[in-house]
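The structure appears right after this line, and notes come after that.
Nothing in this text is a laboratory measurement; each read-out follows from the coordinates by a stated rule. Worth saying up front: this structure is predicted, and the values here are computed from it rather than measured. Quick reminder, even Gly has a Cβ in these numbers, built from the backbone with ideal geometry, and neighbours come from all protein chains shown.
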């Protein structure tokens, strides 16, 4: 069933204006779901028009309201310097999106869930640990940005504590340079040429290039760069340390069976309280689930349909 064009919306997160798109339930969908809403967070270095929109259209077609938004410092949203990755702000953005939904007459504030994809698969559970208004929590290809930058992507991308210390010193030096001339230093996170990806790099990087750098998922506001000093904002952040605090609200984590990041979902579900579920899409990698929804889409629609009653 075709979805309607989303409505452009704005709301504040710690004084920063966020720009979002609100998808209404598609005509003819079950009316029992029409007052429920799902906040959808996008991956790091992404924008709302990419995989977040893909899932929003699917959930809208299943009868839910779905809210996508550009995180602070990203896409059309405010915040300076643009391209900064701040995990604590990203979690606050999720809470702010929930707050916005509670102001809408068309939405029942007791029927709000949240979905995080990739890095937001860490930010959404982190926000939900202390925001009990999020009644159902789901992730797709979840990853913790703190762990990725602190420990490396296991096992291929593992980094030592000495390497981490060196990287933090570099980020600290960039703060001093920015203080001196007011200019944030931008680093390319995803190379412009696929050939620049090392042969022994995690599969996630080449798969990410195939999504973000081709017509499949490219968007002009998704640049594949970030403010390099973001490193010292991320390195001591942990998405899942207190994931058990989500219980007794439900947690669903969807992950590809071949994903480099599969261990994040496995460990988080093991640590979480009930009700919880790990749903593995066999034969799929991390990025495959950005736009391959044949299994993840119906699973999520059923999950939110069950718990946002």
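If you take the Cα centroid of segment 33-64 and the Cα centroid of segment 230-309, the two points sit 15 Å apart.
Rounded to the nearest 0.05, what FRET efficiency do residue 309 and residue 164 have when you use their Cβ-Cβ distance and R0 = 41 Å? Calculated transfer efficiency: 0.35.
According to the Kirkwood relation over distinct C-alpha pairs, the hydrodynamic radius of segment 153-205 is 13.5 Å.
Here the Debye sum runs over all C-alpha atoms of segment 1-52 as equal scatterers in vacuum, and log10 of I(q)/I(0) at q = 0.31 Å⁻¹ comes out as -1.29. With no solvent and one equal point scatterer placed on each C-alpha of segment 16-96, evaluate the Debye formula and give log10 I(q)/I(0) for q = 0.13, 0.26 Å⁻¹, two decimals. Calculated log10 I(q)/I(0) at the listed q: -0.40, -1.14.
Using a 10 Å cut-off around each Cβ, can you sort 266, 274, 76 from fewest to most neighbouring Cβ atoms? Display every interim value, and only then the final one.
On the way: 266 14, 274 10, 76 17.
In order of increasing Cβ crowding within 10 Å: 274, 266, 76.
Estimated purely from DSSP H runs of n ≥ 4, each contributing -39500 (n - 2.57), the mean residue ellipticity at 222 nm for the chain is -10000 deg cm²/dmol once divided by its residues.
Sorting 226, 209 from the fewest to the most surrounding beta carbons within 10 angstrom yields 209, 226.
Expressed in Å, the radius of gyration and Dmax of the Cα atoms of segment 86-208 are 18.4, 53. Label point 7 Å out from residue 241 along Cα-to-Cβ: which residues of segment 116-130 have amide N under 17 Å? What the label zone holds, given the 17 Å backbone N cut-off, is 122-130.
Every Cα-Cα pair of segment 1-146 was included, and the share exceeding 18 Å stands at 50 percent.
By the count of neighbouring beta-carbon atoms within 10 Å, fewest first, 299, 156, 48, 8 end up ordered 8, 156, 299, 48.
Once Rg and the Kirkwood radius are both taken over the C-alpha atoms of segment 154-301, their ratio Rg/Rh works out to 1.01. Semi-axes of the equivalent ellipsoid for segment 226-289, computed as √(5λ) from the eigenvalues of its C-alpha gyration tensor and ordered from largest down, come to 23, 19, 8 Å.
When the Gaussian network model of the chain links Cα atoms closer than 10 Å, the mean-square fluctuations of 173, 228, 162 top out at 162.
Against the compact-protein benchmark of 2.2 N^0.38 Å, the Cα-based radius of gyration of segment 72-149 scales to 1.13.
When restricted to Cα atoms, segment 256-309 yields an Rg and a Dmax of 12.0, 34 Å, respectively. Using equal-weight Cα scatterers in the Debye expression, the normalised intensity of segment 116-165 in log10 at q = 0.18, 0.25, 0.31, 0.32 Å⁻¹ is -0.62, -0.86, -1.06, -1.09. Fraction of C-alpha pairs exceeding 15 angstrom in segment 164-243: 67 percent, rounded to a whole number.
Stretched out straight at 0.36 nm per residue, the stretch from residue 295 to residue 201 would grow longer than its current Cα-Cα span by 31.1 nm. Using Cα atoms only, what is the angle between the long axis of helix 87-102 and the major principal axis of the chain, expressed in degrees (0 to 90) to the nearest 10? So the helix axis and the longest Cα principal axis differ by about 20 degrees.
Every Cα-Cα pair in segment 200-264 was counted, and those over 19 Å apart are 61% of them.
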